[in-house]
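Notes follow once the structure below has been shown.
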Amino acid sequence: MKTLPAGLQSHLDTGTTTLAWCWRITRTDGQVFGFTDHDLPLTFDGTTFEPESGFTASEIRTGSDLSVDAQDAEGVLTSTTITETDILDGRWDNAGVEIWRVNWRDTSQRVLMRRGAIGQVRRGRVQFVAEMRSLAHVLNQTIGRTFQASCDAALGDARCGVDLTDPAYAGSGTVVTVTGNRSFTVSGLSAYADGWFALGMLTWTGGANAIRKAEVLTHAVGATEVAVTLLEAPVLAIAAGDSFDITAGCDKLFATCTGKFANTVNFRGFPHIPGQDVVIRYAAKGEDNAGAVL
């Protein structure tokens, strides 16, 4: 049972209340934002809660089991704080959320109702709906290593050890011709082998998408041109002249780790683990049961 501060409890006991909802959101980039359904700004704990932001929330649901309780926050894209570009960029994904019930006449009378994180964000042309998940969603996260044939390290991290600043694994280029909303031809990458940057990471250094990152789907080296296709279209349109940095890609296979990166000693998978086909195999006459890898 939640214990209310004495001041807030006294206010509720009067029977006539002046209450408002406040949401404090801390994004993964460290920026903190406040929103309220009151018609004037409210301030407490160093945060100013913006009124008339288009934020409306569904009821708070709390179960007695360990299932993830969720609440929807719906709003229109009228606040200068909430922009469509930031939503598309994923800057609000997994942001920490605090939901407060506040006496707007005296903000010292308040109670924290729920902590959680923003989950799925669905958007339309003029509005968005953000799912607010309770802290129980953390229990669904995988902890520890996964036993699998492929590597579970991220290319270039401490467990992998590959130096992505090495010119052999990093390059820079410029868009020459745009051939689709996520595909284009480039200059500056002709010295690299076909497919070298497939599944790699591209960081825009110039143009409308500067600073944003994108995953590379394919990298094709032709006789006269080099083409790159991204996994998803960027937030803003690609244009000729846009510059970028790009790093080599890895498909997480043992052969790639050995042949492309010479990094066998740091491979973080189990390449000889039996696959699912083992359970349906059967003995056959003439097979050499010499104990070799299946």
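The values are calculated or read from the model by the stated rules, or taken from the named source; none is laboratory data. Owing to the predicted nature of the structure, the values given are computational and were not obtained by experimental measurement. Every residue, glycine as well, gets a Cβ built from its backbone with ideal geometry; the counts of neighbours run over all protein chains shown.
Taking the range 185-232 on its own, how many of its residues are farther than 24 Å from D163 by Cβ, among the charged types (D, E, K, R) and surrounded by fewer than 13 Cβ atoms within 10 Å (Cβ to Cβ)?
Residues in the range 185-232 being farther than 24 Å from D163 by Cβ, among the charged types (D, E, K, R) and surrounded by fewer than 13 Cβ atoms within 10 Å (Cβ to Cβ): 1 in total.
Restricting attention to the range 176-209, and to residues there that are over 17 Å from T247 (Cβ atoms) and either in a strand (DSSP E or B) or among the aliphatic types (A, V, I, L, M) (or both), which single residue is modelled with the lowest pLDDT?
A208
List the number of the failed condition for L231; all other conditions in (1) within 25 Å of the chain's Cα centre (by Cα); (2) of a type in the set (A, V, I, L, M); (3) at pLDDT below 85 hold.
(3)
Does N181 satisfy being over 30 Å from T146 (Cα atoms), crowded, with 16+ Cβ neighbours inside 10 Å, polar (S, T, N, Q) and within 24 Å of the chain's Cα centre (by Cα)?
Taking the combined requirement at face value, the residue does not satisfy it.
Scan the range 157-167 and tell me whether some residue there is surrounded by 13 or more Cβ atoms within 10 Å (Cβ to Cβ) and assigned to a strand (DSSP E or B).
No, that holds for no residue.
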